[in-house]
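Nothing in this text is a laboratory measurement; each read-out follows from the coordinates by a stated rule. Please read all numbers here as calculations on a predicted model, not as lab measurements. Because the Cβ atoms are built from the backbone with ideal geometry, glycine has one as well, and the counts that use them run over all protein chains shown.
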Amino acid sequence: MLDEIRHECESASIGCRDCKAKFACKLNESLREIRERRKHYEIHTNEVWDILNDGTKRAREISK
């Protein structure tokens, strides 16, 4: 899809506005999963602290 957008843009077969709209749509699609995970962790802050604490423990063990 991105190659198609690039080709259309560089060949001037679509205007800048259409090019940016297509690109923004594709970008939002690719960020959807990241945004969903972010929402999950915003709600489950205790899980975030557990992950951070676990990482800290593992790092301490490695550094010993």
| Unique residue being closer than 24 Å to Leu2 by Cα and surrounded by 10 or more Cβ atoms within 10 Å (Cβ to Cβ) when the list is Glu47, Glu29 | Glu29
| Any idea how many residues of the range 17-39 are touching a helix residue (DSSP H, G or I) at 6+ places or on another chain (Cβ under 8 Å) and of a type outside the set (D, E, K, R)? | 2
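Test Glu4 against the criterion of being among the acidic types (Asp, Glu), touching a helix residue (DSSP H, G or I) at 6+ places or on another chain (Cβ under 9 Å), assigned to a helix (DSSP H, G or I) and without any contact (Cβ under 8 Å) to a residue 12 or more places away in the chain, and give yes or no. Give the steps one after another, and end with the answer.
Numbers: among the acidic types (Asp, Glu): yes; touching a helix residue (DSSP H, G or I) at 6+ places or on another chain (Cβ under 9 Å): yes; assigned to a helix (DSSP H, G or I): yes; without any contact (Cβ under 8 Å) to a residue 12 or more places away in the chain: yes.
Yes; evaluated as a whole, the condition is true for this residue.
So that you can scan it fast, the table gives a plain yes or no per residue for (1) of a type in the set (A, V, I, L, M, F, W, C); (2) in contact (Cβ under 8 Å) with a residue 12 or more places away in the chain:
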residue: Cys19; (1), (2): yes, yes
residue: Lys22; (1), (2): no, yes
residue: Lys26; (1), (2): no, yes
residue: Leu31; (1), (2): yes, no
residue: Arg38; (1), (2): no, no
residue: Ile43; (1), (2): yes, no
residue: Trp49; (1), (2): yes, no
residue: Lys57; (1), (2): no, no
residue: Glu61; (1), (2): no, no
| remark: Scanning the range 1-15 residue by residue, those more than 24 Å from the chain's Cα centre (by Cα) and loosely packed, with under 11 Cβ neighbours inside 10 Å turn out to be Glu10, Ser11, Ala12, Ser13
| request: List the number of the failed condition for Lys20; all other conditions in (1) among the basic types (Lys, Arg); (2) within 14 Å of the chain's Cα centre (by Cα); (3) surrounded by 11 or more Cβ atoms within 10 Å (Cβ to Cβ) hold. | output: (2)
